[in-house]
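Reviewing the structure listed below.
The values are calculated or read from the model by the stated rules, or taken from the named source; none is laboratory data. These figures come from a predicted structure and were not determined experimentally. Reconstructed Cβ throughout: ideal geometry from the backbone, glycine too, with neighbour counts over all protein chains shown. Note: accessible area is taken over every heavy atom of the protein model, side chains too, but ligands, DNA and RNA are not part of it. Shrake-Rupley method; radii C 1.70, N 1.55, O 1.52, S 1.80 Å.
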Amino acid sequence: MLYLASRSPRRRELLGQLGVSFSILDVDVVEVPMPDETPVDYVRRVARDKAKAGWESQEHAVQAQAVVLASDTEVVLDGRIFGKPKDADDGVQMLQALSGRTHEVISAVWLVSAKREHGDVCISRVRFAELSEAEIAAYVATGEPFGKAGAYAIQGKGATLVEYLEGSYSGVMGLPVFETAKLLREFGLPV
Ligand SMILES: Cc1cn([C@H]2C[C@H](O)[C@@H](COP(=O)(O)OP(=O)(O)OP(=O)(O)O)O2)c(=O)[nH]c1=O
């Protein structure tokens with residue numbers, strides 16, 4: 001039985017794209033980078049923490065049959081990690097920093113079962129157009145940046161900010177579908 005340890009509706013939608021059936025687990029893990037932790041190591045660790053927390057939240061009988069999948073997505077610019085904005089000002093500052101620049105979106109997916117655990121990391125490059133103060137203010141006022149790493153959603157109005165993408169669209173959106181399908185097959189869950 002497959003479980004998705006995530007509150008994100010995007011992850012639900014992207015996993016649904018693969019045609020596998022799954023149930024949702026609610027997990028809450030602390031998302032704070034450790035000193036000297038690289039962004040890739042951080043994203044991988046958080047995805048793993050979410051999957052392990054999901055697996056550990058289940059009763060023994062369920063654990064024996066369960067494969068728990070979780071993911072984490074962060075935006076990285078000049079080595080700085082941009083998670084979900086705390087408030088509107090934080091969102092404005094992130095978008096100002098991303099304006100006219102190319103950043104990385106790092107998404108990790110992790111699977112945990114009774115017998116094994118394994119994951120993968122997907123890195124995409126996204127170039128933003130030069131954004132005026134007014135454009136940033138108008139975008140933040142839509143409310144879309146909240147709950148999104150880097151304060152934008154490529155699957156929404158945020159697409160109008162993106163000049164160029166190299167990598168995985170689904171990875172930027174929150175769950176890299178190619179890597180996820182590969183991992184599911186490894187765990188005996190054909191897609
Ligand atoms: C860059 C980008 C991020 N995002 C979202 C995906 C993730 O939901 C969110 C990054 O935060 P995460 O901490 O990865 O995930 P989450 O807290 O939303 O959900 P979970 O319960 O699985 O921990 O940003 C988009 O929806 N579109 C985008 O273009």
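Could you state the accessible area per residue of the chain in Å², with a 1.4 Å probe and every protein chain left in place?
Averaged over the residues of the chain, the accessible area is 49 Å².
From the protein chains alone at 1.4 Å, what is the descending order of accessible area for PHE22, PHE82, PHE178, largest first?
Of PHE22, PHE82, PHE178, the descending order of accessible area is PHE178, PHE22, PHE82.
About its Cα centre, what dipole magnitude does the range 100-191 give when the only charges are +1 on Lys and Arg Cβ and -1 on Asp and Glu Cβ, stated in debye to the nearest 20?
So the magnitude is around 360 debye.
Sorted by packing (mean other beta-carbon atoms within 10 Å per residue), highest first, where do 50-56, 29-35, 146-152 land?
Descending packing order for the listed peptides: 146-152, 50-56, 29-35.
Tally up the carbon and sulfur contribution to the accessible surface of the range 1-157 as a whole percent, 1.4 Å probe, everything protein left in place.
49 percent
Give the distance, in whole Å, between the Cα centre of the range 39-63 and the Cα centre of the range 113-151.
Each part's Cα centre sits 22 Å from the other's.
Provide the packing ranking of 155-164, 86-95, i.e. peptides ordered by the mean count of other C-beta atoms within 10 Å per residue, highest first.
Listed from highest to lowest mean packing, they are 86-95, 155-164.
The range 19-76: D in µm²/s via Stokes-Einstein (Kirkwood Rh, Cα pairs, 37 °C, 0.692 mPa s)?
For these conditions, the coefficient is 259 µm²/s.
With a cut-off of 8 Å between alpha carbons and a minimum separation of six or more residues, what is the relative contact order of the chain in percent?
Averaging sequence separation for qualifying contacts and normalising by length gives 23 percent for the chain.
With n ≥ 4 as the cut-off for DSSP H runs, can you work out [θ] at 222 nm for the chain, using -39500 (n - 2.57) per run divided by the number of residues, rounded to the nearest 500?
Rounded to the nearest 500, the figure is -10000 deg cm²/dmol.
Going highest first, how would you order 64-73, 2-11 by mean Cβ packing within 10 Å?
Order by mean packing, descending: 64-73, 2-11.
Past the 25 Å Cα-Cα mark, which pairs from LYS50/LYS86; LYS157/LYS182; LYS50/LYS115; LYS86/LYS182?
Too far apart for the 25 Å limit: LYS157/LYS182; LYS86/LYS182.
So, in nm, how far is label ALA129 from label SER23 when the simple model puts each one 7 Å beyond its Cα toward the Cβ?
Rounded to a tenth, the inter-label distance reads 4.6 nm.
Test of understanding: in a Gaussian network model of the chain with alpha carbons linked when under 10 Å, which of HIS118, HIS60, HIS103 would top the mean-square fluctuation ranking?
Of HIS118, HIS60, HIS103, the Gaussian network model singles out HIS60 as fluctuating most.
In Å, what Kirkwood hydrodynamic radius results for the range 2-186 from the alpha-carbon pair distances?
16.8 Å
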